[in-house]
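Colleague: Handing you this structure, nothing more for now.
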Amino acid sequence: LSATSRCRHEAMSTFGQVFRVTTFGESHCKGVGAIVDGCPPCLALTEADIQPQLTRRRPGQSRLTTPRAEKDLVQILSGTEHGHTLGTPIGLFVPNEDQRPGDYKEMSDIPRPGHADFTYLIKYGNKASSGGGRSSARETIGRVAAGAIAEKWLRGTYGTEISCWVSSIGDVSLPESAVPRGEGGCLVGWTRAQVDEYGTLRMLRDPATFHRVGEAEVADADERRKANIDAEVAAEDAFLKLVGVHAGASAAGVAEAAKRGVAAAAAGAAEALRAMPCYEDWQGGVYTHDGARLGEAELKGVDLASWRTDELLPLRCPHPPTACRMATLIRQVKAEKDSIGGAVACICTGVPAALGEPVFDRLEAKMAHAMMSLPATKGFEIGSGFGGTVMRGSTHNDPFVANPVGGKPGDSGRPALGVSSNYAGGTLGGISSGAPVYFKIAVKSVSTIGQAQQTSRLTGEAITLEAKGRHDPCVLPRTPPLVEGMAALVLIDAALLQRTRLGGACTTVCDGTRNFDPAHPWGDAANGAANGAPAAKKARKEGRRGGRGGPAASFATAAPPAVPHAW
């Protein structure tokens, strides 16, 4: 086909071959969403199955993210009935409620440095006049929603679980030694619930600089809200000033600090910060701004109740000391009207073996494709990644061992052999081995910042840009749901492709004597008769034998091809 002919057949906003997802919408249009085509029928599905992941990715979760206020409530428009999928396209829609296209008026002819504004313009000859259009992270809502559907099917079919966490922000990194490992030292990571629980901090504020205004003090709700915002801003400024003086002295050195006449101030700031409660973890552990845990001796005489606020910081780094350092860094970057990037790690457990289509559609190649299609991603590595380049083969090779969940190949859906280590990251030759699939993604800093930047108008005229709008100082805390969703889309598509290869001769779900009834699912031994399940079961059985016994058996007219084992 010519390039023109191919363009007529390829959907640029569609991902997947069997489980196909097409996303739509821009950052400031009426809404965003996705069309999911190829979802297996009779899967129990409501908005409640999708909403948790959208809530985890939505903006406005804390002061560490964009203040854009969106509920991101999903609506299922089509493809389900009585709470179950029909097997037809599923329409998903999320309205944009907090649109402010006016924030971008002054940037209509100024391409933002590092942003896709200019490349969209030269590619299409037109671009969205507000926000990032299709390059905005709002586009990922459709991916996350579709990924939640894929995850439910994968979990119910194979017991697959997908969990992603923040492994670094800027120069603050989660120690690899802190990541949980299983038998033989294989990395197993944290569950999603653990990532959310362990990776959330409570903000602590010095009562000497912060006081929450109550109803007794200010009766009017709006005035009280404004007073509390002012109090938070003042307390945040006091904290950042203290951290800044200490950090400035540390960076410049004592001698240089003395020359600037700030040595005494730096020493005072360091002393104050050394014992200052700044964050509290889920277990009540108290930490300083740089993640040092305060013991009973340091907290003696401190009334923690007066330091606690209602403000939670979901960093999604499940190692509290590291999360504290990340939080402080993001707060500093935000105050400087700048942004910062980092990396996330993801592990997929319960992945069935034999997924992936060599040679060009290897599982890790599809996974890399999916992850690098996300906004702001700049790198992908699987298993040992770039670190594996310094390892010798004698160390890097993962020895095969008898699978503990074992028996013959095909029993319990797992192969007879497993691996005692997992430097490969869960694939061999581009095909899943049954080991956890583990990878990392690098995410760059957000392009749109309030800090003055030198750039040019579309005419080439030099200009200084101070971007307006509401943007994340760091997108890492909201990245895990995006990664989990895309990983699920890759795995379900690979699984459905493999199932088409291994499918038996029978092509029907039932014998057609009655419509699906959620109260009596297909294959239900007690109630399946109401749905024609026994006849369909007999058809499959006869089909596998190549039999012709009766009307139901006529669904299968030929035996499946011979395979080494009876799957």
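Colleague: Check residue 449: other-chain or 5+ apart residues with amide H under 5 Å from its amide H, H built from backbone geometry?
Modeller: Amide H to amide H, under 5 Å and 5 or more residues apart or across chains, residue 449 pairs with 467.
Colleague: With a 1.4 Å probe and every protein chain left in place, work out the accessible area per residue of the stretch 139-231 in Å², rounded to a whole number.
Modeller: Using a 1.4 Å probe on heavy atoms only, each residue of the stretch 139-231 averages 46 Å².
Colleague: Moving on to the next point. Between residue 218 and residue 275, what is the label-point separation in nm under the 7 Å Cα-to-beta-carbon projection?
Modeller: 3.3
Colleague: How large, in percent, is the carbon and sulfur part of the accessible surface of the stretch 415-517 at a probe radius of 1.4 Å?
Modeller: On the stretch 415-517, the fraction of accessible area on carbon and sulfur atoms equals 53 percent.
Colleague: Take the solvent-accessible surface of the protein heavy atoms, probe 1.4 Å, and return the percent of it on the stretch 270-314 that carbon and sulfur atoms account for.
Modeller: Roughly 49 percent, rounded to a whole number.
Colleague: Translational diffusion coefficient, Stokes-Einstein: compute it for the stretch 263-346 using the Kirkwood radius over C-alpha pairs as Rh, at 37 °C and 0.692 mPa s, and state it as an integer in µm² s⁻¹.
Modeller: 230
The values are calculated or read from the model by the stated rules, or taken from the named source; none is laboratory data. Fair warning: this is a prediction, and the values are worked out from it, not measured in the lab. Backbone-built Cβ (ideal geometry, glycine too); neighbour counts: all protein chains shown. With ligands, DNA and RNA removed, areas are computed over all heavy atoms of the protein, side chains included. Shrake-Rupley method; radii C 1.70, N 1.55, O 1.52, S 1.80 Å.
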